[in-house]
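Here's the structure we're looking at; comments come further down.
The values are calculated or read from the model by the stated rules, or taken from the named source; none is laboratory data. Computed from a predicted model, the values in this text were never measured in an experiment. Cβ placement follows ideal geometry from the backbone for every residue including glycine, while neighbour counts extend to all protein chains displayed. The protein model used for the area step is the full one, side chains on, heavy atoms only, and it has no ligands, DNA or RNA in it. Shrake-Rupley method; radii C 1.70, N 1.55, O 1.52, S 1.80 Å.
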Amino acid sequence: MAETCVGTRALGPGMRSAVWVQGCPFRCPGCLAPEWIPDRPARAVAPADLAAELLADPRVTGLTFSGGEPMEQAAGLAEVARLARRDRSGLTLICFTGYRLERLRSRPPGDGVAALLAEADVLIDGLYVAARDDDRGLRGSSNQRVHHLTGRLRDAAEVLATGPRKIEIRVRAGAALYVGVPSRALAAAYPPVARGDGRDAMTVPGALAGGAGEGSAR
């Protein structure tokens, strides 16, 4: 797991808790959280402990999974969602992925994908394409699709697809964690810059997180 944020209004309707996983098979040009792309050890946490952490704020009514690529850790995330819902009924789940829904159903990339899809109320699928960033909705670019797999968030369909974007800034130990999908202006103000190790890095301390499609981790 790369990062968590408990209690945010920037990643979907209501008060939500977010998880960003470490590791992504996609390398979308323009990624603003490239440190979450490498498949390397990050924070290891048991599903029960993570579920409890995400529900620490009693106002939380939903979860949002992003990354990185959640489908690379689908089994564990599905268990997190199941345990969280056992403790708090009515909890909703939004999940981002760089894979298309059709691919996930016909040729799942790993164990637990079907279980995670069964827990998800909304799936936002597709790779982030910077040239198609239309500054609208929780998706990062217009090629991405918002799938309502259940009816629980159907009343938020317009907001998820075309509503205004939100950003929250959390300051942690001298670094800024940007939570939400950035506007084009913000993304342009803080572009990734090349580093000597071949990876990109933010031009500001911390990470810009949210959900504009996996591989971008934006």
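Looking only at the stretch 142-176, which residues are open to solvent by less than 50 Å² (accessible area, probe 1.4 Å) and more than 18 Å from D125 (Cα to Cα)?
Result: E168, A175, A176.
Quick check on my filter: what residues within the stretch 42-89 are of a type in the set (D, E) and under 28 Å from R27 (Cα atoms)? Outline the logic, then answer.
First, pick out the residues of the stretch 42-89 that are of a type in the set (D, E): 49, 53, 57, 69, 72, 79, 87.
Residues satisfying the conditions are E69, E72, E79.
So, of the residues in the stretch 49-61 that are small (G, A, S) and either surrounded by fewer than 16 Cβ atoms within 10 Å (Cβ to Cβ) or touching a Phe, Trp or Tyr at 6+ places or on another chain (Cβ under 7 Å) (or both), which turns out to be farthest from V80 (Cα to Cα)? Steps first, please.
Filtering the stretch 49-61 for residues small (G, A, S) gives 51-52, 56.
Among the residues that remain, those that are also either surrounded by fewer than 16 Cβ atoms within 10 Å (Cβ to Cβ) or touching a Phe, Trp or Tyr at 6+ places or on another chain (Cβ under 7 Å) (or both) are: 52, 56.
Numbers: A52: 9, A56: 14 Å.
If we take residues in the stretch 49-61 being small (G, A, S) and either surrounded by fewer than 16 Cβ atoms within 10 Å (Cβ to Cβ) or touching a Phe, Trp or Tyr at 6+ places or on another chain (Cβ under 7 Å) (or both), then A56 is farthest from V80 (Cα to Cα).
Looking only at the stretch 48-88, which residues are under 11 Å from M1 (Cβ atoms) and among the β-branched types (V, I, T)?
Result: V80, single match.
Here is a yes/no grid of residues against (1) without any contact (Cβ under 8 Å) to a residue 60 or more places away in the chain; (2) closer than 18 Å to R172 by Cβ:
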| site | (1), (2) |
| --- | --- |
| C5 | no, yes |
| A10 | no, yes |
| R27 | no, no |
| P34 | no, no |
| P41 | yes, no |
| P47 | yes, no |
| R59 | yes, no |
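Going through A2, A78 one at a time, which residue ends up being in contact with a helix residue (DSSP H, G or I) (Cβ under 9 Å, 6 or more places away or on another chain), among the small types (G, A, S) and open to solvent by less than 20 Å² (accessible area, probe 1.4 Å)?
Values: A2 fails: open to solvent by less than 20 Å² (accessible area, probe 1.4 Å).
Checking each option against the conditions leaves just A78.
What are the residue pairs meeting all of these: first residue in the stretch 172-186, first residue free of Cβ contacts under 8 Å to residues at least 40 places away in the same chain and more than 15 Å from E3 (Cβ to Cβ), second residue surrounded by 12 or more Cβ atoms within 10 Å (Cβ to Cβ) and of a type in the set (D, E, K, R), Cβ atoms under 9 Å, and 6 or more apart or on different chains?
Partner pairs satisfying both residue conditions: A185/D135; L186/R165.
Which of the residues spanning the stretch 70-115 are touching a strand residue (DSSP E or B) at 6+ places or on another chain (Cβ under 8 Å), hydrophobic (A, V, I, L, M, F, W, C) and part of a helix (DSSP H, G or I)? Write out each step before concluding.
Start the filter on the stretch 70-115 by keeping residues that are touching a strand residue (DSSP E or B) at 6+ places or on another chain (Cβ under 8 Å), which leaves 70-71, 77, 80-81, 84, 91-101, 104.
Pick out the ones that are also hydrophobic (A, V, I, L, M, F, W, C) and you get 71, 77, 80-81, 84, 91, 93-96, 101, 104.
Listed by number, the residues that qualify are M71, L77, V80, A81, A84, L101, L104.
Which of the residues spanning the stretch 23-55 are in contact with a Leu (Cβ under 7 Å, 6 or more places away or on another chain), small (G, A, S) and over 13 Å from G68 (Cα atoms)? Full working, then the answer.
In the first step, residues of the stretch 23-55 are kept if they are in contact with a Leu (Cβ under 7 Å, 6 or more places away or on another chain); the result is 26, 28, 32-33, 47-48, 51, 54.
Pick out the ones that are also small (G, A, S) and you get 33, 48, 51.
Selection gives A48, A51.
Would you point out which residue out of A10, A44, A52 is over 16 Å from the mean Cα position of the chain (by Cα), modelled with pLDDT under 95 and of a type outside the set (D, E, K, R)? Lay out the reasoning, then the answer.
Working: A10 fails: over 16 Å from the mean Cα position of the chain (by Cα); A52 fails: modelled with pLDDT under 95.
Of A10, A44, A52, the one residue that is over 16 Å from the mean Cα position of the chain (by Cα), modelled with pLDDT under 95 and of a type outside the set (D, E, K, R) is A44.
Can you tell me which residue in the stretch 114-130 is farthest from R154 (Cα to Cα), limited to those that are of a type in the set (V, I, T) and crowded, with 23+ Cβ neighbours inside 10 Å? It would help to see each step written out before you state the result.
Of all residues in the stretch 114-130, those of a type in the set (V, I, T) come to 122, 124, 129.
Narrowing the set further to residues that are crowded, with 23+ Cβ neighbours inside 10 Å leaves 122, 124.
On the way: V122: 9, I124: 14 Å.
Ranking the qualifying residues of the stretch 114-130, first place goes to I124.
Checking L50 against (1) outside any loop (DSSP other than H, G, I, E, B); (2) touching a Pro at 6+ places or on another chain (Cβ under 7 Å); (3) over 19 Å from L160 (Cβ atoms); (4) hydrophobic (A, V, I, L, M, F, W, C), only one condition comes out false. Which one?
Against the list (1) outside any loop (DSSP other than H, G, I, E, B); (2) touching a Pro at 6+ places or on another chain (Cβ under 7 Å); (3) over 19 Å from L160 (Cβ atoms); (4) hydrophobic (A, V, I, L, M, F, W, C), L50 comes up short only on (2).
Any residue at all in the stretch 35-48 that's out of contact with any Ser or Thr (no Cβ under 8 Å at 6 or more places or on another chain), surrounded by fewer than 23 Cβ atoms within 10 Å (Cβ to Cβ) and β-branched (V, I, T)?
Initially, the stretch 35-48 is screened for residues out of contact with any Ser or Thr (no Cβ under 8 Å at 6 or more places or on another chain), giving 35-48.
Of the ones still in play, those that are also surrounded by fewer than 23 Cβ atoms within 10 Å (Cβ to Cβ) are 35, 38-48.
Okay, now just the ones that are also β-branched (V, I, T), so 45.
Yes, the stretch 35-48 contains a residue that is out of contact with any Ser or Thr (no Cβ under 8 Å at 6 or more places or on another chain), surrounded by fewer than 23 Cβ atoms within 10 Å (Cβ to Cβ) and β-branched (V, I, T).
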